[in-house]
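Contents: one structure, followed by commentary.
Only the coordinates and a few stated rules stand behind these numbers; no lab work does. Since the model is a prediction, treat every value here as computed from it, not as a measurement. Reconstructed Cβ throughout: ideal geometry from the backbone, glycine too, with neighbour counts over all protein chains shown.
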Amino acid sequence: MIPDFSKDDIFVVSHYIGKILIALGLAQLFPVFVGLVFREMGAVIDFFISILACFSFGSILLYFSPSPKGLNWRQGMIIVALSWLLAMSFSALPLYLSGHFECFLDACFESMSAYATTGLVLIQDLDHLSHAHNIWRHQMCFIGGQGIILVALVFFFRGGDALRIYIGEARDDKILPNSITTAKFIWMVSFTYLIIGSLLLAFVLILHGIPFSRALFHGLCIFMAGWDTAGFAPQSLNVLYYHSPAFELVTVIIILLGATSFGVHYSVWTGKFRELREDFEVKILLFSIFFAYLITLVGFLGRTAMFSDVFSFFRQTFYQVISGHTGVGYSNIYVSQLTEWPDLAIFGVIVAMAIGGCMNSTAGGIKVFRIGLFYKALKREVRRLAYPESSRVKEFFHHQREIPVDDTMVKTAMIITVCYVLLYISGAVIGTFFGYDFLSSLFESVSAAANVGLSIGITSPSMSAFLKIWYIIEMWAGRLEFFAIFILIRFFVKVIKK
Amino acid sequence: MKKRLMRYIVLLKKGIIGISIELVYPLIVALSAFILCLIMFISEISRR
Amino acid sequence: MKILRLILFGLLALWGISSSQTVSALINNPEMFDGKTVVVKGELIGDIINGRNGFCVNILDSGKAIGVWFSESEREKIEVLGRYGVKGDFVRIKGVFYKNCAQHTGDMDIHAGFLEILERGRKKDEDVPVEKVVFAFSLGIVSLAAIGILHLLYRRESLPRD
């Protein structure tokens, strides 16, 4: 008989989770540093409490579970799914202590939204939040976008174990032969762009007359949330706060780079520039951006009188589409303006959001790779039927090299796609149940599950707790791409049965 | 540490063209989307 | 008759100045106020953002904010902007509301012609609750103890192997 869940699993899982919690505590040292720089003692105390909670809980877990020998697939998956939940609640602690949330659930919603790089917010009076808490909100996006475990990966795991965890976090593209070197490369790209991007954003703000330290703070925050396609902003007005088309253009650069897969970044950085033009995913991404934008434009036919000129029309429509498609959720219009959009245009944004960015990037959603694979598989089937029975039909796609489309690949991709669609619809149905109209519910649900973060007004501190919990589940499941969560559920079912 | 930093700088030097290409490509995307938008806007106005 | 009309007009104007709109009313019914003169009260927050002929500051009123453009001459009047631990200047502004401002690429904003400081902003004293500090310290002691025990145990475990 194949061995199923055993007691060993619990020990292994709690050991690694203990380590991850300690890493989480270490990560909170940066906001403490920011708090000290800006002399925000109240904020520093909040983080002090939270760091201690992480350390003590982590060390207790480590104490009860001695260092294990190895790690298998299902343990890796359980660790990922559980550690995301724990990271959510522990990271919500300093946010809740800040007093800007109505209840702890709201703070949990915010931290899951940050980790899953969604960008839906429930925070109140954001404009008076401390710099330390604000940096922590954006740092969570940065950590979650690369993968919580990916952070711990570099420090704590051995080669073989690392791969199992890596895949659990929906990162199955091996850029380099070893997953630790891959993780390091991902961090290197992210940090290089962190410097370039934040300076670029800060530069634009300085041109607008904002003092250097404030500009750098805003640049850093916007970069961390933009690159990781989260869509948080340090002010309640989001990107609208800056009132600057130039600033928005720079964010477009950052979010498109964030939604491009790290595999492509690797190729381009190592001199294979053609990859940017030939890569199958990038091609599909660009095609689907234009496709979704076209739907939106057609939706506005006969309604362009709403806008004063072509620039403002372009600025508002394209920004929502690209922000939705890459899964960022930055918005340069008010919710009331978005609700005024014609239904077809809203549908165009929903399509963009549902498709999402590249695989192995920081974007969410079904991912263009799976859409492309579906197209290739369909093409192959049609060709197979058209040709004589004895002929063998093969279909290739270009990703670093020519890769043949095989059935297992298509099967996995289709399972995940169907799961996503079901998740989208479930949220829409639940939203409708709570009295919102279907299109708005669908919009908000897709926005949560595809980790986008555009809001049509449903997400607010006053919405029902059940809906908040459901959105948290959607964000969590959407970010980890289901399998880790199914295994976790199976694990709990088995434990209860025993 | 120093060795690692050196290796990083070497890679950065090699990647500098790559980075600049990557910074330009979103601009091209935005520009072509703008052209699409312009065509649609002009056709709207001429019909009105 | 003429005098009556004048008085009526004057009263209307007075009413127009004294009554003010909330920011959320403007945001939620932009059609109603588009191109009209509005009066808004609120707290100035964040930063001063320079732009073409003027500068912009966001004004916050019961959780909703909107950008307001001022002409250069108003710059000296603004002293304190709301942030963490700082309550910004509480002001009343009068200006024209635009749903899609042609001057600023389609932003929804107000072009203020008049700015009055109702209450000067100030720094709030940061109050750290005592319970929080006590809790932090007790948690600190507990976690130090936990880590200490862990450390001892790990050492005991690894000793025989060496």
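Can you list the HN-Hα couplings for segment C:107-115, worked out from phi with the Karplus curve (6.51, -1.76, 1.60; θ = phi - 60°), rounded to whole Hz and with x for Gly and Pro?
Each residue of segment C:107-115 in turn: 5, 8, 8, 10, 9, 7, x, 8, 10 Hz.
Quick one: which residues, 5+ away or cross-chain, put their amide H under 5 Å from the amide H of C:Gly113? H built at 1.01 Å from N.
Hits under the 5 Å cutoff: C:Lys94, C:Gly95, C:Val96.
Identify, among A:Val446, A:Ile487, A:Leu467, the residue whose Cα sits farthest towards the positive end of the charge dipole of segment A:403-498, taking +1 on the Cβ of Lys and Arg and -1 on the Cβ of Asp and Glu, with the dipole about the Cα centre.
A:Ile487
Taking only DSSP H segments of four or more residues, each worth -39500 (n - 2.57), what value at 222 nm results for chain B once the sum is divided by all its residues, to the nearest 500 deg cm²/dmol? Kindly include the intermediate steps, with their values, before the conclusion.
On the way: 1 runs with 46 residues, N = 48.
Only helices count here, giving -35500 deg cm²/dmol.
If each residue's Cβ is checked for other Cβ atoms within 10 Å, how do A:Thr296, A:Thr117 rank with the fewest at the top?
Values: A:Thr296 25, A:Thr117 32.
Least to most surrounded, the residues fall as A:Thr296, A:Thr117.
Which one, B:Val10, B:Ile21, B:Leu36, is farthest towards the positive end of the dipole of chain B when Lys and Arg carry +1 and Asp and Glu -1 on their Cβ?
So the residue we want is B:Val10.
Which of the residue pairs C:Lys41/C:Lys124; A:Lys184/A:Lys283; C:Lys94/C:Lys123; A:Lys69/B:Lys13 have a Cα-Cα distance greater than 31 Å in the structure shown?
Checking Cα-Cα distances, A:Lys69/B:Lys13 exceed 31 Å.
Order these by the 10 Å Cβ neighbour count, fewest first: A:Trp136, A:Trp187.
Lowest to highest Cβ neighbour count: A:Trp187, A:Trp136.
Counting only helical runs of four or more DSSP H residues, what would the 222 nm mean residue ellipticity of chain A come to if each run contributes -39,500 (n - 2.57) and the total is spread over all its residues? Could the numbers behind the result be given before it?
Working: 22 runs with 340 residues, N = 498.
Helix contribution divided over all residues of chain A: -22500 deg cm²/dmol.
Can you tally the net charge around A:Gly258? Count Lys and Arg as +1, Asp and Glu as -1, for every other residue whose Cβ sits under 12 Å from the Cβ of A:Gly258. It would help to have the intermediate numbers written out before the result.
On the way: positive: none; negative: A:Asp228, B:Glu22.
For residues surrounding A:Gly258, the net value is -2.
Need one word for chain B: rounded, prolate or oblate. Basis is the Cα gyration tensor (sqrt eigenvalues a ≥ b ≥ c); a/c below 1.5 gives rounded, then a/b vs b/c decides.
prolate
How crowded by other chains is B:10-20, given as the mean number of beta carbons from other chains within 10 Å of each beta carbon?
The mean count of partner-chain Cβ atoms within 10 Å per residue comes to 4.
Can you classify chain A as rounded, prolate or oblate using the Cα gyration tensor, where a ≥ b ≥ c are the square roots of its eigenvalues, rounded means a/c under 1.5, and otherwise it's prolate if a/b beats b/c and oblate if not?
Rounded, since a/c falls under 1.5.
If we sort A:358-368, C:56-66, C:138-148 on the protection proxy, mean other Cβ atoms within 10 Å, highest first, what's the order?
A:358-368, C:56-66, C:138-148
Within 10 Å of each residue's Cβ, count the other Cβ atoms and sort A:Leu237, B:Leu27 from fewest upward.
With the sparsest Cβ surroundings first, the list reads B:Leu27, A:Leu237.
Among A:Ala23, A:Ser89, A:Leu36, whose Cα sits farthest toward the positive end of the charge dipole of segment A:1-103 (+1 at Cβ of Lys/Arg, -1 at Cβ of Asp/Glu, about the Cα centre)?
Of the listed residues, the answer is A:Ala23.
So for segment C:52-109, averaging the separation of alpha carbon pairs under 8 Å that are six or more residues apart and normalising by length, what relative contact order in percent results? It would help to have the intermediate numbers written out before the result.
Details: 60 pairs, mean separation 13.4, N = 58.
It rounds to 23 percent for segment C:52-109.
Which of rounded, prolate or oblate describes segment A:404-497 when judged by the alpha-carbon gyration tensor and an a/c cut-off of 1.5? Walk me through the intermediate numbers first.
On the way: a/c = 2.56, a/b = 1.44, b/c = 1.77.
Since a/c reaches 1.5 but b/c is at least a/b, the shape of segment A:404-497 is classed as oblate.
For chain A, calculate the relative contact order in percent as a whole number, restricting contacts to Cα pairs under 8 Å that are 6 or more residues apart. Could the numbers behind the result be given before it?
Details: 821 pairs, mean separation 83.5, N = 498.
Relative contact order comes out at 17 percent.
Within 10 Å of each Cβ in peptide C:30-36, how many partner chain Cβ atoms are there on average? Round it to a whole number, please. The partial results should precede the final answer.
Values: counts 4, 2, 0, 0, 0, 0, 0.
Taking all residues of C:30-36 together, the mean is 1.
Please average, across the residues of C:97-105, the number of beta carbons from any other chain that are within 10 Å of each residue's own beta carbon, and give a whole number.
Values: counts 0, 1, 5, 9, 3, 5, 1, 5, 14.
The shielding value for this peptide is 5.
For segment C:61-162, what is the charge dipole size about the Cα centre, in debye to the nearest 20, if Lys and Arg each add +1 at the Cβ and Asp and Glu each add -1 at the Cβ?
280
Is there a quick way to get the dipole size of the protein assembly as shown? I mean about its Cα centre, with the Cβ of Lys and Arg at +1 and of Asp and Glu at -1; what is the value in debye to the nearest 20? Present the calculation step by step, with values, prior to reporting the outcome.
Values: 64 positive and 55 negative charges, 359 e Å.
Approximately 1720 debye in magnitude.
What percent does the relative contact order of segment A:404-497 come to when contacts are Cα pairs within less than 8 Å and at least six residues apart?
Numbers: 76 pairs, mean separation 22.0, N = 94.
Relative contact order here is 23 percent.
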